[in-house]
1. Among the candidates 127, 77, 110, 102, single out the residue that is in a helix (DSSP H, G or I) and within 30 Å of residue 44 (Cβ to Cβ).
2. Exactly one of (1) among the charged types (D, E, K, R); (2) surrounded by 12 or more Cβ atoms within 10 Å (Cβ to Cβ); (3) more than 30 Å from residue 130 (Cβ to Cβ) is unmet by residue 7. Its number?
3. Being among the basic types (Lys, Arg), farther than 18 Å from residue 6 by Cα and either outside the structural domain of residue 7 (by TED's automatic domain parsing) or modelled with pLDDT under 90 (or both) is the filter here; which residues of the stretch 20-55 pass it?
4. Could you grab the pairs with beta carbons closer than 8 Å, sequence gap of 6+ or different chains, first residue in the stretch 58-83 and among the aromatic types (Phe, Trp, Tyr), second one modelled with pLDDT of 90 or more?
5. Could you list, ordered by first residue, the pairs with Cβ atoms under 8 Å in which the first is in the stretch 147-164 and part of a helix (DSSP H, G or I) and the second is modelled with pLDDT under 70, at least 6 apart or interchain?
6. Kindly indicate whether any position in the stretch 50-58 is within 19 Å of the chain's Cα centre (by Cα) and of a type in the set (Val, Ile, Thr).
Amino acid sequence: MASLIERALQRELLEYLADKYPNALCFDEDDRFGGKANDVLVNLYYLHEHGLVECKYAEFFDGNKEVIDAKITAKGIDFLADDGGLGAILRVMTVRFDESTIKQLLVAKIDAADAEPSAKEELKQSIRKMPGNMLEKLMEKTLEAGLGSLPQLVPWLSHVVHHL
C-alpha cells in the first residue's frame, strides 16, 4: 500500500481540486483520473487524513471504498502556496517576557558567573533598578551578541533543543 503513495499524484490532485475550489469534484462525472482509480483513492485518503482535502466515500460490504467527491481544504490551499498561505500568517507566535522575568533570568546568570562577588552584586543591583526601556535595549544587545557568536550558538542551541 505504501508504494501507492505518490507525491506527484497528490500534487496533481491538490492542484486540480484547487482549480475547482470552493466546489467539490464529483468523481463519477470526471474521468480525468479514471484509469488510476485505486491510486487516486489511496492518495486522496492519505491527503484526507492530513486534512488537506475533504472526501466523501462509498463503503461497500466487502470493505472496499470508492471516492464519491473531494474538495480541497484551506489547509490544502495553504500547502500549495509558496509562502505557506494564510495559515503561516496566522501561526505567527509572539513571545513576551515581562520585566521581572527578564531581570530574574539576568540575575540568575550573574549569580552563576565566575566573577568577583562585589562586581556581581553591583551588576545585579543595576539590573534590578533598570527601567523597562533600558532593559529592552540590553536584551537587544544581548541578542545581537548571541547572534554574533553564531558558531558557538548553533551547537549550544542544538544541545538545548534536543534536551527540552
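1. Going through 127, 77, 110, 102 in turn, the sole match is 77.
2. Going through the list (1) among the charged types (D, E, K, R); (2) surrounded by 12 or more Cβ atoms within 10 Å (Cβ to Cβ); (3) more than 30 Å from residue 130 (Cβ to Cβ), residue 7 breaks only (2).
3. Across the stretch 20-55, there are no qualifying residues.
4. Matching pairs, first to second residue: 79/14; 79/52.
5. 147/153
6. yes
The values are calculated or read from the model by the stated rules, or taken from the named source; none is laboratory data. Owing to the predicted nature of the structure, the values given are computational and were not obtained by experimental measurement. Reconstructed Cβ throughout: ideal geometry from the backbone, glycine too, with neighbour counts over all protein chains shown.
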